[in-house]
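The next block holds one structure in the form of structure tokens; read it before the comments.
No value in this document is a laboratory result; all are computed from the given coordinates. No experiment lies behind these values; they were computed from the predicted model shown. Neighbour counts are summed over all protein chains in view; Cβ atoms, including those assigned to glycine, are modelled from backbone coordinates with ideal geometry.
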Ligand code: ATP
């Protein structure tokens, strides 16, 4: 029953997205292309607002994060170093009877093409062995197709941040701890794209790599490493924070971000990956899950990735990714010798573990780990990283699902009728305000409405609509999720007396309350509400 309801809800959402121009199937006139989606007029603005708010909160409004916009196609060695060439794959299985192809770990969830009402695993056809399927899209660079011209469309935006780490740090004049943020397209040849835009083959990501000192350096500088005392936001960053505090800080900052665009904490779930689920280099990963109509699924992952990524690029490119930390250099000689030995040894062990896993011979790994530990004592280390990685399309879908609401509203004659209203937070709503002259055949009303539109447009997305009954126009904007409507009537023109001259009706989408507002107060009032 619950499943049918959520299926129905999803159908309504998909239909509204198409009808109102949020999301269309890509290449629809040719039958569509599985896993690819286009954003229509409302969707494009919604998505843009989400990205802009992310960019503002993660870079522009912070001192300690710099931005980057890198290319989609990069040197293929980047993907070798990151591990994507060798391990970025899903287990794929074919059904020999119904010919369905699906991820072995999702066999219970994919409809059988021959009997769509049944799941694939109910088709008793013989299955092939699971085999790895690399999700990266391949392409060639240059006019001649050879093995040397092979390149990939990036499957994530993060790697460019590591590859440009030194350039950004130097030009932005940053010191660890600091972050680099990037958003942009990513491509994954998903075996089974599904759930509308949730799992697409082309999508956008918003990623931050926040570089921090290794705990041994923090301990050498501040004497101790602070650890989380309990749940909740740990407050302003402190010099004695190790990776655990930074990780908790970013989980909480990201939840705040969602709260600020209308996804309350109650719509989210934190999933802390179990030790056996973690990648070998990861110390902790928290997935922020959202309750989509089709199930509670990942919106964003926040991972503490140790120094794995920069270390890999250091090894594979031969370029140093170490930073020099003046405070560490100054602090080290002041430590008592036993402490020095302990910290040096702990650091050496961690480096040894990484180098061995990376495939170095025991001898080479030991030599390098020893050298790295010596470098630490002089103030050099490869930074560790905390990575909050979010998907723009998944978030846009979450916002659309969360905003969708059916309720009752009075029509022209005061009779209640059902309405669909998209309750977007004003901060991300595609249109902030709609301007309506009461009648389109009264030139004075139209002129005044156009004047108000011109007043508002430089500051916010404002939509002009003069067609049809006013109630109908309100309903259209409710479906678009426009939080405010401004109606210009005969009172505005002063026809019913001087006291209402130059006032308009301001209607609020969710409560449907209307108030009379002076035109002179309109702009500051709206700016306050959409900020
Ligand atoms: P999943 O397990 O759902 O495939 P993932 O763990 O592989 O996701 P990451 O590699 O951590 O995802 O990517 C970070 C974010 O990018 C995800 O949290 C998600 O929001 C987004 N993302 C990843 N794959 C897709 C996709 N195929 N379509 C849309 N968004 C995606």
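A few remarks follow.
- Cα-Cα separations in the stretch 331-466 greater than 27 Å, expressed as whole percent: 60
- Rounded to 10°, Cα long-axis angle of helix 392-403 versus longest principal axis of the chain: 40
- Which of 526, 268 has the fewest Cβ neighbours within 10 Å, and the rest in rising order: 268, 526
- Residues residue 8 and residue 450, FRET efficiency given R0 of 35 Å [Cβ-Cβ distance, rounded to 0.05]: 0.25
- Stokes-Einstein diffusion coefficient of the stretch 3-75, Kirkwood radius over Cα pairs, 37 °C, 0.692 mPa s, in µm²/s: 216
- Of 316, 98, the sequence from fewest to most neighbouring Cβ atoms within 10 angstrom is 316, 98.
- Separation of the residue 33 and residue 345 label points, Cα + 7 Å toward Cβ, nm: 5.9
- Computed FRET value (nearest 0.05) for residue 55 with residue 495, which takes r as the C-beta separation and R₀ as 45 Å: 0.45
- Value of Rg to Rh for the stretch 421-530, rounded to two decimals, is 0.94; Kirkwood radius and Rg both from alpha-carbon coordinates.
- The stretch 154-278: C-alpha pair distances exceeding 19 Å, %: 65
- Fully extended contour minus Cα-Cα distance, from residue 236 to residue 472, at 0.36 nm per residue: 80.1 nm
- Degrees between helix 443-456 axis and first principal axis of the chain (Cα, 0 to 90, nearest 10): 20
- In the chain, helical runs assigned H by DSSP with n ≥ 4 each contribute -39500 (n - 2.57); averaged across all residues and rounded to the nearest 500, the mean residue ellipticity at 222 nm is -10500 deg cm²/dmol.
- Modelled spin-label separation between residue 370 and residue 330, with each label point placed 7 Å from Cα along the Cα-to-Cβ direction: 3.2 nm.
- Span from the the stretch 5-56 Cα centroid across to the the stretch 341-361 one, whole angstrom: 48
- Alpha-carbon gyration tensor eigenvalues x 5, square-rooted, for the stretch 333-381, Å: 22, 10, 8
- Label separation (residue 185 vs residue 517): 3.9 nm, computed from points 7 Å beyond Cα along the C-beta direction.
- Spatial separation of Cα centroids for the stretch 371-429 and the stretch 153-171, in angstrom: 24
- Relative compactness, the chain, computed as alpha-carbon Rg over 2.2 N^0.38 Å: 1.16
- Cα pair distances exceeding 22 angstrom across the stretch 236-382, given as percent: 54
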